[in-house]
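Here is the structure we will look at, set down as structure tokens.
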Amino acid sequence: MDQPIRLKNNGQISITLNHRAKKETVEVKEFVTEVASPEYELLKEIEQELNTLVGLEEVKRIIKEIYAWIIINQKREQHGLKTGKQVLHMMFKGNPGTGKTTVARLIGKLFHKANILSKGHLVECERADLVGEYIGHTAQKTRDVIKKAIGGILFIDEAYSLGRGGEKDFGKEAIDTLVKHMEDRQHEFILILAGYSREMDGFLALNPGLESRFPIIIEFPDYSVEQLMKIARKMVAEKEYVLSEEAERKLRDHLISVKLQMHGGRFSNGRYIRNVIEKSIRTQAMRLLTENQYSKQDLLTLRATDLVFPKDPTTFSLY
Ligand SMILES: Nc1ncnc2c1ncn2[C@@H]1O[C@H](COP(=O)(O)OP(=O)(O)O)[C@@H](O)[C@H]1O
Ligand SMILES: [Mg+2]
């Protein structure tokens, strides 16, 4: 049988109340009289920040684990114990709109708080920002971008495109420059390569030796319909709007059918939701203006008629 009171390893006390058949567990945080360590406080802060994101449980777990690993390594060092080589360069794999850039930005912020990065800013770039037009130009361009990212995160979107052109392509020069700097200035910035899973795997296969330089590989799965609905509600609330019940229903039905149509295809997830909401806010504005309706409730509410969906959801980001 459970002990009535036991101290959990996270410093919380859990009390189990036995009322005959009914069993309840009450978490009593206030019982902890010991002052929590700053490292633990920061972990709680990191958890709070991460919890603003819908889903992504695996991503959240990995980020907390990396943080714990860094802190423990620092402690081990203080005791003269061996520490693992800490390479924090990462690879993010997933479809568009699955939160890769959002998470990268958050990691920058959190790692800055934890003193792992001196600035924590995010420099986002793609092939065209790195690759030049003549020999030597690419190395220079890439070095300039790295310089901007020092103290923070260098996030390269669609990184597989650097490996597309083969041996003669200047993309290779960009990769070589990146590899050199990610080793030489290992603790000064974090490099994150992002892109579709399949393309990133192909890219790694063509560039053996690259994979071992990215010990942290994170998969960003597509969101479920319910997760997309949560993201929609969150985005709408942030802009001080609400979806009417009917609008919610219409959006959910639409998402179900889009996901059925696209199974395995390239649905742009959170970005699609953002586009739908931005478009519906403009449609609502036009409706209110023509109806001459300006009550607070009217101004707040996005109705089903305000939700306009694209004919082809795969090309939605184009308009
Ligand atoms: N888990 C999430 N919770 C809340 N909003 C999200 C989440 N994932 C993505 N979004 C939103 O969806 C949009 C696209 O996300 P982004 O990070 O740019 O995706 P990616 O970089 O993978 O293309 C952004 O507006 C972002 O705020
Ligand atoms: Mg992105």
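Report the FRET efficiency, 1/(1 + (r/R0)^6), for ARG61 and LEU260, where r is their Cβ-Cβ distance and R0 is 30 Å, rounded to 0.05.
Working: r = 30 Å, r/R0 = 0.99.
Step by step, r from the Cβ atoms, then E = 0.50.
Quick check on packing: order 182-192, 280-290 by the mean number of other C-beta atoms within 10 Å, highest mean leading. Numbers along the way, then the final one.
Values: 182-192: 18.0, 280-290: 14.4.
Ranked from most to least packed, the peptides come out as 182-192, 280-290.
Taking the Kirkwood radius as the inverse of the mean 1/r across Cα pairs, report the Rg/Rh of segment 38-220.
Details: Rg = 16.6 Å, Rh = 17.0 Å.
Rg/Rh for segment 38-220 comes to 0.98.
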- line: Note to self: Kirkwood Rh of segment 199-319, Cα pairs, one decimal, Å, is 16.4 Å
query: How much length is gained if the chain between GLN186 and ILE216 is pulled fully straight, taking 0.36 nm per residue apart and subtracting their Cα-Cα distance, in nm to one decimal?
result: 9.4 nm
message: I need the calculated FRET efficiency for the pair ASP312 and LYS230, taking r as the beta carbon distance and R₀ as 25 Å, to the nearest 0.05.
response: 0.50
Built amide H within the under 5 Å cut-off of LEU117, gap 5+: HIS112
statement: Of all C-alpha pairs within the chain, those more than 30 angstrom apart amount in percent to 51 percent
task: Only loop residues by DSSP count here, and only those with at most 15 other Cβ atoms within 10 Å; note down the GluC sites (Glu not before Pro) in segment 228-270 that meet that.
output: GLU240
- prompt: Spin-label point model (7 Å from Cα, Cβ direction): what's the TRP69 to SER244 distance in nm?
  reply: 5.1 nm
- request: Quick one: work out the % antiparallel among DSSP beta bridges in the chain, nearest 5.
  value: 35 percent
- line: If the chain between GLU133 and GLN297 were fully extended at 0.36 nm per residue, the gain over the current Cα-Cα distance would be 53.5 nm
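Each reported figure results from applying straightforward, stated rules to the coordinates on display, with no laboratory input. This structure is a prediction, so every number in the text was calculated from the model and none was measured. Because the Cβ atoms are built from the backbone with ideal geometry, glycine has one as well, and the counts that use them run over all protein chains shown.
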